[in-house]
Amino acid sequence: MPELRRLHADDAPAVLAFELANRAWFTSTISDRGDEYFEQFADRHRAALAEQEAGECAYYLLVAEDGGILGRFNLYDLSDGAANLGYRVGLDAVGRGLATVAVRELCRLAAAEHGLRTLRAATSRANVASQRVLLKTGFVPAGPAEIGLAFQRDVTP
């Protein structure tokens, strides 16, 4: 069974490989991060770990039994008991219910480990699969968002 676990410093090579292998897939529903993102990945990874250490964000990986990365699940902009949720699942993991399971677990962790009460998420209008995941995991539509549609969920136990 895949495991949702916190991001670590030694994950950088595997995360970069995951991002590169799925770049075309991800850009089918969201904007491309651009070549600069990949060229500066080591610095970005270190910055993400510093944000995580400071309590500003919490980054998680969905890891397969063989150690391969299946997806990334993030809580960011943690403030006043609320945070934004973002995630991306690799093409090889799509359609297996893994995003739904991981988002449910991240909602639990948001409350239990991070003291959060509210999560917000947004999807492009075209990303119907992500919208379904959010609805199945207790998020409700919250109106338009800069990238498309906004969702919100109370995670208080």
Next on the checklist: As an exercise: evaluate Q131 against (1) over 24 Å from S28 (Cα atoms); (2) within 14 Å of the chain's Cα centre (by Cα); (3) outside any strand (DSSP E or B) and give the number of the one condition it does not meet.
Outcome noted: (1)
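Among the residues of segment 48-63, are any touching a Pro at 6+ places or on another chain (Cβ under 8 Å), surrounded by 16 or more Cβ atoms within 10 Å (Cβ to Cβ) and more than 22 Å from T123 (Cα to Cα)?
At the first step, the residues of segment 48-63 found to be touching a Pro at 6+ places or on another chain (Cβ under 8 Å) are 62-63.
After this cut, where a residue has to be surrounded by 16 or more Cβ atoms within 10 Å (Cβ to Cβ) as well, the list is 62-63.
Retained after the next criterion (residues that are more than 22 Å from T123 (Cα to Cα)): 63.
Checked segment 48-63: at least one residue is touching a Pro at 6+ places or on another chain (Cβ under 8 Å), surrounded by 16 or more Cβ atoms within 10 Å (Cβ to Cβ) and more than 22 Å from T123 (Cα to Cα).
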Next on the checklist: Looking at segment 93-112, can you tell me whether even one residue there is more than 20 Å from L134 (Cβ to Cβ) and of a type in the set (D, E, K, R)?
Outcome noted: no
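Residue under question is G67, and the condition is that it be surrounded by fewer than 17 Cβ atoms within 10 Å (Cβ to Cβ) and at pLDDT below 95; does it hold?
Values: surrounded by fewer than 17 Cβ atoms within 10 Å (Cβ to Cβ): yes; at pLDDT below 95: yes.
The answer is yes for G67.
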Next on the checklist: without any contact (Cβ under 8 Å) to a residue 24 or more places away in the chain, buried (at least 17 other Cβ atoms within 10 Å of the Cβ) and either of a type in the set (S, T, Y) or in a helix (DSSP H, G or I) (or both): which single residue out of E19, E36 fits that description?
Outcome noted: E19
Checklist entry - Does A111 count as over 24 Å from P2 (Cβ atoms) and out of contact with any helix residue (DSSP H, G or I) (no Cβ under 9 Å at 6 or more places or on another chain)? => result no
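Has segment 139-157 got at least one residue that is in a loop (DSSP other than H, G, I, E, B), surrounded by fewer than 20 Cβ atoms within 10 Å (Cβ to Cβ) and out of contact with any strand residue (DSSP E or B) (no Cβ under 9 Å at 6 or more places or on another chain)? Break it down stepwise before answering.
So the first thing to find is which residues in segment 139-157 are in a loop (DSSP other than H, G, I, E, B), and the list is 139, 146-147, 155-157.
Those still in the list that are surrounded by fewer than 20 Cβ atoms within 10 Å (Cβ to Cβ) too: 146-147, 156-157.
Add one more test, that the residue is out of contact with any strand residue (DSSP E or B) (no Cβ under 9 Å at 6 or more places or on another chain), and what stays is 157.
Among the residues of segment 139-157, at least one is in a loop (DSSP other than H, G, I, E, B), surrounded by fewer than 20 Cβ atoms within 10 Å (Cβ to Cβ) and out of contact with any strand residue (DSSP E or B) (no Cβ under 9 Å at 6 or more places or on another chain), which makes the answer yes.
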Checklist outcome for this item: Of the conditions (1) within 18 Å of E51 (Cβ to Cβ); (2) of a type outside the set (S, T, N, Q); (3) modelled with pLDDT of 95 or more, the single one that R88 does not satisfy is (3)
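Go through segment 70-100 and give me each residue that's in a helix (DSSP H, G or I) and either in contact (Cβ under 8 Å) with a residue 24 or more places away in the chain or crowded, with 21+ Cβ neighbours inside 10 Å (or both).
Step one: filter segment 70-100 for residues in a helix (DSSP H, G or I), giving 91-93, 98-100.
Matches in segment 70-100: L91, A93, L98, A99, T100.
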Checklist entry - In the list A102, A142, which residue meets the criterion of being over 19 Å from E51 (Cα atoms), at pLDDT below 90, out of contact with any His (no Cβ under 7 Å at 6 or more places or on another chain) and of a type in the set (A, V, I, L, M, F, W, C)? => result A142
Next on the checklist: Could you tell me how many of the residues in segment 102-134 are aliphatic (A, V, I, L, M) and free of Cβ contacts under 8 Å to residues at least 12 places away in the same chain?
Outcome noted: 1
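The values are calculated or read from the model by the stated rules, or taken from the named source; none is laboratory data. What you see is a predicted model; the values in this text were computed from it and never measured. Every residue, glycine among them, receives a Cβ derived from its backbone with ideal geometry; neighbour counts consider all protein chains shown.
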